[in-house]
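Data first, discussion second: the structure below is written as structure tokens.
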Amino acid sequence: MKRKLSLILSLVLVLTLVMTGCGKSEEPKPANGGDEKTEESAGDANNPAKGRDGAEDTLVIGTHETKGEFLPGYYSETYDGYVVDLVFDGLITNDKEGKPIPLAAKDWEISDDHLTYTFNLRDDIKFSDGEPLTAEDVEFTYTYMCDPNYDGPRTSAVADLEGYEEYNKGDAEKVSGIEVIDDHTIAFKFTKALSTNIWNFGHGIMPKHVYEFEKGDIDAIKAKMTEPMGSGPFVFEKYEPKQYVEFKANEDYFLGAPKFSKLILKFTNVETQFSELEKGTVDIQLAVAAKGENKEILDGMDFVNIVEYPENSYGYIGFNMRDPRLADKRVRQALTYGFNREQFAEVYYQGFAQTCNIPISQVSWAYTDEVNEYKYDPDKAMKLLDEAGWKVGKDGIREKDGKKLEFVWSTHTDSKYVETMIPMLKSDWEKIGVKVEADIMEFAALSEKVYEKQDFDLYNMAWSLDVDPDAYEIFHSSQDQKGGFNSVGFKNEENDKLLEQGRAEFDQEKRAEIYKKWSQVINEELPYMFLTQANRWDVANKRVKNFETSPFQDIQDRDVILNIELE
């Protein structure tokens with residue numbers, strides 16, 4: 001599910017796992033003609049997955065390797081999010097259109113002042129050990145994220161609760177803004193009326209009797225990171241780092257048991273994902289890059305279907321604005337004008353993607369195209385650099401005050417997207433007097449370098465977005481801190497004001513106008529060079545029936561995973 005406070009860090013692999021997101025369309029159906037038995041027999045003979053041991057009762061999904069952060073409130077990447085959402089239920093989820101709908105809560109009420117949210121829980125939910133899910137478990141889940149030593153990325157889900165400061169920084173034993181009314185009723189009181197508050201309630205509910213710890217002893221709960229236990233449709237069985245995560249179906253799941261008994265998330269990469277499909281060792285490969293050469297390969301596999309839809313995400317290059325060379329927006333604008341993004345999108349995606357210029361996906365109600373498109377214009381780039389005082393030196397590299405416009409671009413392995421971009425970016429920027437060298441590393445190392453250490457010149461990643469366009473966690477100046485998502489150090493008063501206004505407005509049409517203005521500010525300031533928004537392809541073996549992801553519902557969403565049947 002895509003929800004507020006799930007602005008999930010997702011390497012450009014989300015857009016580009018080669019040969020390599022969140023979203024989608026219709027699953028094509030094979031034509032059926034002639035004798036039924038003959039067709040079925042031929043299908044078995046030509047479909048490698050059908051002959052796999054235990055295939056009839058096991059769904060194998062190919063996806064990128066997880067980090068092993070399998071706790072609500074702690075995971076930072078899409079792939080760990082799959083595990084968390086399969087094992088845990090939130091109070092709410094969202095439907096195919098991106099609207100909030102009940103999950104563990106049967107309904108909720110919001111006070112007239114938009115400060116208090118009261119949830120009425122279902123009374124038929126049990127954790128996988130048989131214990132009932134109650135309001136005390138909900139209270140525990142949100143209280144743990146208020147802990148003074150909590151060091152996960154979801155503080156903004158609780159920071160505006162009444163009593164947060166007293167609990168987080170003081171001696172309070174409870175968060176006063178969380179009130180357990182009875183076993184199946186709980187209320188949350190906020191200090192700010194924000195339209196985004198509803199999305200704080202998608203975090204998976206953790207059983208208190210399993211995860212309980214003394215206030216301040218956050219390491220006790222983190223010690224259980226790779227042994228998740230919740231009330232979701234699947235029960236965690238086994239985690240083999242760099243290989244797979246294994247689950248069994250929760251036969252007592254309150255929405256009905258999955259239609260197969262075993263689920264495996266198998267870690268694939270750009271070198272292995274097609275061979276896994278061809279061998280039948282995976283049934284579904286998530287987020288295959290939508291590009292011409294991949295379409296040719298998939299067209300050669302007559303036993304697979306492609307589920308296609310516009311991605312609710314975008315790829316980007318982040319500029320470290322703490323670097324005085326990049327603090328000048330004319331330099332950032334010049335670097336953007338100076339890279340032929342359209343050519344890159346065509347070379348890599350071959351018609352299945354477009355360049356983007358704002359951090360809101362085309363599928364969002366808040367999207368606008370009334371912004372500068374930054375069409376490739378090296379002359380304009382050079383003019384901007386001249387105006388900023390950067391003159392071409394004897395070696396062809398621009399310099400100013402003894403510094404050169406040469407950058408280290410921190411990027412990651414296992415991405416054809418990156419491999420394609422490196423020579424194109426280097427060549428285009430060389431033409432305007434800018435030198436760049438790629439420093440390629442494992443994605444985990446890149447994530448630490450960017451978010452924990454903030455030690456970079458440039459880096460590239462992608463964001464897999466929420467259903468709500470609010471980007472406070474990524475771009476508000478308050479999020480410029482070690483471990484925060486404002487890794488580039490963007491600080492701008494107008495940006496902050498509009499982000500705050502967008503959250504405080506409840507009328508969607510008025511919010512759309514606010515985000516239009518905000519998009520224009522971001523488009524002018526360019527804390528990122530926005531790269532591409534692509535289509536997403538989730539590829540499924542034809543033995544997988546009723547599989548349909550979409551821009552706001554991914555594989556782990558209940559409407560998707562519980563509908564899947566296997567032949």
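The values are calculated or read from the model by the stated rules, or taken from the named source; none is laboratory data. The model shown is predicted, which means the values in this text are computed figures rather than measured ones. Using ideal geometry, Cβ is built from the backbone for each residue, glycine included, and neighbour counts are taken over all protein chains shown. Surface accessibility is based on the protein's heavy atoms, side chains included, excluding ligands, DNA and RNA. Shrake-Rupley method; radii C 1.70, N 1.55, O 1.52, S 1.80 Å.
Applying the selection to segment 391-417, what residues are assigned to a loop (DSSP other than H, G, I, E, B), open to solvent by less than 10 Å² (accessible area, probe 1.4 Å) and not aliphatic (A, V, I, L, M)? Full working, then the answer.
Restricting attention to segment 391-417, the residues satisfying the condition of being assigned to a loop (DSSP other than H, G, I, E, B) are 393-397, 401-402, 405, 413-415.
From the residues that got through so far, the ones that are open to solvent by less than 10 Å² (accessible area, probe 1.4 Å) too are 405, 415.
415, the sole residue that qualifies.
Being surrounded by 17 or more Cβ atoms within 10 Å (Cβ to Cβ) and over 28 Å from residue 81 (Cβ atoms) is the requirement here; does residue 133 meet it?
Values: surrounded by 17 or more Cβ atoms within 10 Å (Cβ to Cβ): yes; over 28 Å from residue 81 (Cβ atoms): no.
Considered against the rule, which asks whether it is surrounded by 17 or more Cβ atoms within 10 Å (Cβ to Cβ) and over 28 Å from residue 81 (Cβ atoms), residue 133 comes out as no.
Residues 467, 450: which one is on the phi < 0 side of the Ramachandran plot and either in contact with a Pro (Cβ under 7 Å, 6 or more places away or on another chain) or surrounded by 22 or more Cβ atoms within 10 Å (Cβ to Cβ) (or both)?
On the way: 450 fails: either in contact with a Pro (Cβ under 7 Å, 6 or more places away or on another chain) or surrounded by 22 or more Cβ atoms within 10 Å (Cβ to Cβ) (or both).
Within the list 467, 450, the selection yields 467.
For residue 283, the criteria (1) of a type in the set (Asp, Glu); (2) open to solvent by 20 Å² or more (accessible area, probe 1.4 Å); (3) over 30 Å from residue 488 (Cβ atoms) hold in every case but one, which is (2). Of all the numbered requirements in (1) over 26 Å from residue 155 (Cβ atoms); (2) modelled with pLDDT of 95 or more; (3) not basic (Lys, Arg), residue 71 misses one, and that requirement is (1). Looking at residue 381, is it of a type outside the set (Val, Ile, Thr) and open to solvent by less than 30 Å² (accessible area, probe 1.4 Å)? So residue 381 passes the test.
Test residue 438 against the stated conditions and say whether it is part of a strand (DSSP E or B) and surrounded by fewer than 22 Cβ atoms within 10 Å (Cβ to Cβ). Give the steps one after another, and end with the answer.
Working: part of a strand (DSSP E or B): yes; surrounded by fewer than 22 Cβ atoms within 10 Å (Cβ to Cβ): yes.
Yes; evaluated as a whole, the condition is true for this residue.
Among residues of segment 221-235 that are at positive phi and modelled with pLDDT of 95 or more, none has a beta-carbon under 9 Å from a residue that is open to solvent by 10 Å² or more (accessible area, probe 1.4 Å) and among the acidic types (Asp, Glu) at least six positions away or on a different chain. Scanning segment 89-126 for residues that are part of a loop (DSSP other than H, G, I, E, B) and under 26 Å from the mean Cα position of the chain (by Cα) yields 89, 90, 91, 95, 96, 97, 98, 99, 103, 104. When segment 195-228 is limited to residues that are part of a loop (DSSP other than H, G, I, E, B), in contact with an Asp or Glu (Cβ under 7 Å, 6 or more places away or on another chain) and aliphatic (A, V, I, L, M), the one that is farthest from residue 164 (Cα to Cα) turns out to be 225.
Residues are listed down the side, and each one gets a yes or a no for (1) closer than 18 Å to residue 116 by Cα; (2) out of contact with any Leu (no Cβ under 8 Å at 6 or more places or on another chain):
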{"position": "172", "(1), (2)": "no, yes"}
{"position": "179", "(1), (2)": "yes, yes"}
{"position": "208", "(1), (2)": "no, yes"}
{"position": "212", "(1), (2)": "no, yes"}
{"position": "233", "(1), (2)": "no, no"}
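Of everything listed in (1) part of a loop (DSSP other than H, G, I, E, B); (2) buried (at least 20 other Cβ atoms within 10 Å of the Cβ); (3) more than 26 Å from the chain's Cα centre (by Cα), the single unmet condition for residue 167 is (1). How about segment 121-149: which of its residues are within 25 Å of residue 500 (Cα to Cα) and in contact with a Phe, Trp or Tyr (Cβ under 7 Å, 6 or more places away or on another chain)? Hit for segment 121-149 is 146, nothing else.
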